[in-house]
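Structure, as structure tokens:
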Number of protein chains: 2
Amino acid sequence: MSAFEKLVKHSKKVSHFQHLYSISSWDQASVMPSGGAEARGEAMAELSVHIHQLMTQPQLGDWFDAAQNESLDSTQQAILREMKQQWQQATVLPDEFVEAKSLAGSKCEHAWRKQRTENDWAGFAENWKEVVALSQEEAQRRADVSGLTPYDAMLNLYEPGTTSASLDGVFNDVKSWLPQMIDQAIEKQASDIVIQPTGIYPAQTQKAVGQEVMKLLQFDFNHGRLDESVHPFCGGVPTDVRITTRYDEKEFVQSIMGIVHETGHARYEQGLPRALAGTRAGEARSMGVHESQSLFFEMQLGRNPHFIQHLAGFTAGRFADATPGLFSVENLQKLYTQVKKDFIRIDADELTYPAHVILRYEIERDLMNGNISYKDVPELWDTKMQAYLGISTKGNDRQGCMQDIHWTDGSFGYFPSYTLGAMYAAQFMASMRKTINVDSVLDSGDLSPIFAWLSENIWSKGSLLTTNEILTAATGETLNPQFFKQHLATRYL
Amino acid sequence: MSAFEKLVKHSKKVSHFQHLYSISSWDQASVMPSGGAEARGEAMAELSVHIHQLMTQPQLGDWFDAAQNESLDSTQQAILREMKQQWQQATVLPDEFVEAKSLAGSKCEHAWRKQRTENDWAGFAENWKEVVALSQEEAQRRADVSGLTPYDAMLNLYEPGTTSASLDGVFNDVKSWLPQMIDQAIEKQASDIVIQPTGIYPAQTQKAVGQEVMKLLQFDFNHGRLDESVHPFCGGVPTDVRITTRYDEKEFVQSIMGIVHETGHARYEQGLPRALAGTRAGEARSMGVHESQSLFFEMQLGRNPHFIQHLAGFTAGRFADATPGLFSVENLQKLYTQVKKDFIRIDADELTYPAHVILRYEIERDLMNGNISYKDVPELWDTKMQAYLGISTKGNDRQGCMQDIHWTDGSFGYFPSYTLGAMYAAQFMASMRKTINVDSVLDSGDLSPIFAWLSENIWSKGSLLTTNEILTAATGETLNPQFFKQHLATRYL
């Protein structure tokens, strides 16, 4: 057996344990009774340790050295590249360090759940400074090995190949037109009459609508499920993708579009190359590309009136609420495109969302590179919120820098993925429109041509190509924020 | 750390992986979409191998030797005894042998699913002879190490401490009165008028009734769930017990009593000693004792009219079927105690069930001890069915020796657990009635005194005591089939 074959075999072994971890995580979040939490936590921690041990086994270094000199075709080379990158990321941190950061993160996150509701920045900072210090150390260790800047080394965990040099360029471009576009959109919408849901929308009926939406989006129910959880997510494994949503019976808007979003993630997973299953190259490219698929579904398809007409059909007559016009295409379209300057990222609309992300990016970049202190964050947050959205979070850290879970356990470098995904999605759509009449396809109700394009250009590639290679092959160029600007201008101005 | 402590720590590690295996098995049987089966099978096989490797690690032998000389209290000694027995059972077979038997069993079971429906004994025998040969080899290997007869060595996997010498005595006693009692009961019931369900009983409503029954039985929903599967079972882990049932909308009888049965298993699991979690001593005593709890619930409680009055209350008025008297206590009681000589064990009533088990016991005993050949089984089956139940399976192996899954993968030694469980349950009830007025407690609707007795005498003991020790401590004697006979006579004669 060649070294390359040994590596692939080992990778498949690891993936079997990751499979079980994914399913247990889904179970934990969506069906496990609360009394099962403690024992489950212990079992999953044991499995994590085991996976980490497998991923850092000493003989892997020798195999990677040997495989480098073996005769491999281009696919095998890509598989090797991805396995090696994953191995390097797994081995760069000593076990004691991983454990120390994990403990500090758990402690901070746990306390944060209460501190946030109490707007207790001082209490939070007490734990968080340790998380920040350990994350800075992690960033430096990763930088030492990769030759990147500390922040870029963290960014590479979520969007490999992206640098803050390129992100600065892209986000500065967005900042040059976004605030004005937001103001214009709000002014334009000021005279809109939007009928809000005021009835009761039973969860069972919302679920039935959600399932119809999933069928329209060709979710493969033979390889997946829809369930419920407090925080919607897409989990499981490519042959068995578990998406979840949350039903609020006072409205139907969020659950339905949440399902559209998660179905985008799910179809990417379901469409990954089966032949490469069990190797890193058979997995999704990056967090950014993953988000590009969920946002392609949610923003590029889901908020297109030619798609919304189907939502109107699925919802009309199904709920007792008979407010005239509530379920019309025009009203649903308005409900789904209302622009509002507000504090909370996860509730933000499509247009203001990038402002929330850019603000976080700038702060976490400077924090990881050691240019600012954790103490500076509340004031910086307030200043940037005022600059980008014109609202202040002074003394309101609960709705400011304490609102997200990401930083509480040290997941620095994650936030840009959201807006990179939105921009990739807009660029994919612009390219798709060159060969596909998307609106007609949506009208037809058979969305196959759209999915064939996504499958060919993105899903089937797994991680064989880099993000830039995927973008270039699919759209003729690397990330260009003009497509995103054009998309937003068309929809909101 | 003492050798004993090292063993306990290792045992807890193994139990964490077993936890994940249990949850994945539940998932596979009750919620997994069929397209996920192949990858799941691979992942679970990998986990099985890992668990087996952990359980047979070379250093364990040294630790067991060393622990033998350490100063241990009586609880620790019981923990050590159970760990050692489990280790010996895990190490007695070489890995290649385990794999060979597993492969032969899978092949035979898979083909059997079709061969059974086609009544294809010849085709089945072709695969099964290999399973029998390997099982005989397993029995001999286990016998060599344990000093037991080959069959007893297999029996010990399911009901440690029981021998065929004792089973022969007990089952011969049963055989001396059971056939006659069956005939008498059938004659007595001949003039009964039983109203059969003829309506449609929606699964959702059956589930709601099932949940009420589970509440009455004090199932802890904070540490468990009720779901659906093709074959009802009780799975999960003690802190998160997953029971399943199956709904047939043409009747309600089976799903409800199936839930009673599985709740018996579940409460045993939920009642195991938490302080011993992660060690074998904290687990259920044996298959026989486990079945004693499910049958205590199903037969001793569930078919008692003082319990059935609650079922009548839960069902009456809930279903559209308004056949007068269908949901009366008297009619439900008749539905649940109808005696019929028939072919299929899993459909058998309480009274004929032991005949099905004794027949299987006698055949598998002689097969494992090498006294008969696999070729003799169809004829022996027919002869014994005629002797015990007066019906012939000649040429009808589909409803004869090919009906069960147990033997297809070589699980010889399992069948006696069912009837041992039924007999233990009757003996427990007779003892419980000495201090508790069971019928009054059932009337009251608060069954706590019954569960307190079971908890104190059985659940809380885990595997600290042997089966005989549990029986003696709870009832004053070891297994005595007279309690079972008395119970059946009271109910059926």
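Some points to look at:
- The charge dipole of segment A:148-493, taken about its Cα centre with unit charges on the Cβ of Lys, Arg, Asp and Glu (plus for the first two, minus for the last two), comes to roughly 280 debye.
- Only Lys, Arg (+1) and Asp, Glu (-1) charged, at Cβ; the protein assembly as shown dipole about Cα centre in debye: 780 debye
- Placing a label point 7 Å from Cα along the Cα-to-Cβ axis, residue A:452 is separated from the same position in the other copies by 7.2 nm, shortest listed first.
- Positive minus negative residues near residue B:182 (Lys, Arg vs Asp, Glu; Cβ under 12 Å): -1
- Nearest beta-carbon to the A/B symmetry axis - residue in chain A, distance in Å: A:20, 3
- Coarse-grained scattering of segment B:154-198 at q = 0.14, 0.28 Å⁻¹, given as base-10 log I(q)/I(0) from a Debye sum over alpha-carbon atoms: -0.59, -0.97
- With all protein chains modelled, accessible area of residue B:52 [1.4 Å, Å²]: 50 Å²
- Rg and Dmax [Cα atoms of chain A; Å; Rg one decimal, Dmax integer]: 22.8, 70
- Loop sites in segment A:67-154: GluC sites (Glu not before Pro), DSSP, at most 11 other Cβ within 10 Å: A:118
- Dividing the summed -39500 (n - 2.57) terms of all DSSP H runs of n ≥ 4 by the residue count of chain B sets its mean residue ellipticity at 222 nm at -20000 deg cm²/dmol.
- When +1 charges are put on Lys and Arg Cβ atoms and -1 charges on Asp and Glu Cβ atoms, the dipole computed for segment A:343-432 relative to its Cα centre reaches about 60 debye.
- DSSP beta bridges confined to the protein assembly as shown are antiparallel in about 45 percent of cases.
- Top positive-direction residue, dipole computed over segment B:147-226 with Cβ charges, set B:222, B:166, B:179: B:222
- In nanometres and ascending order, the distances from the residue B:41 label point to those of the other copies are 3.7 (point 7 Å from Cα along Cα→Cβ).
- Expressed to the nearest 5 percent, the antiparallel share of DSSP beta bridges inside chain A is 45 percent.
- Amide H contacts of residue B:237 (H built 1.01 Å from N, in plane; Pro and chain starts excluded): B:242 sit under 5 Å, all sequence-distant by 5 or more or on other chains.
- Nm distances between copies for residue A:215, ranked from closest, using label points 7 Å along Cα→Cβ: 3.5
The values are calculated or read from the model by the stated rules, or taken from the named source; none is laboratory data. It should be emphasised that the depicted structure is a prediction, and the values quoted were computed from it without experimental measurement. Don't worry about glycine lacking a Cβ; one is built from the backbone with ideal geometry, like all the others, and counts go over all protein chains shown. Please note that ligands, DNA and RNA were not included when accessible areas were found on the heavy atoms of the full protein model with its side chains. Shrake-Rupley method; radii C 1.70, N 1.55, O 1.52, S 1.80 Å.
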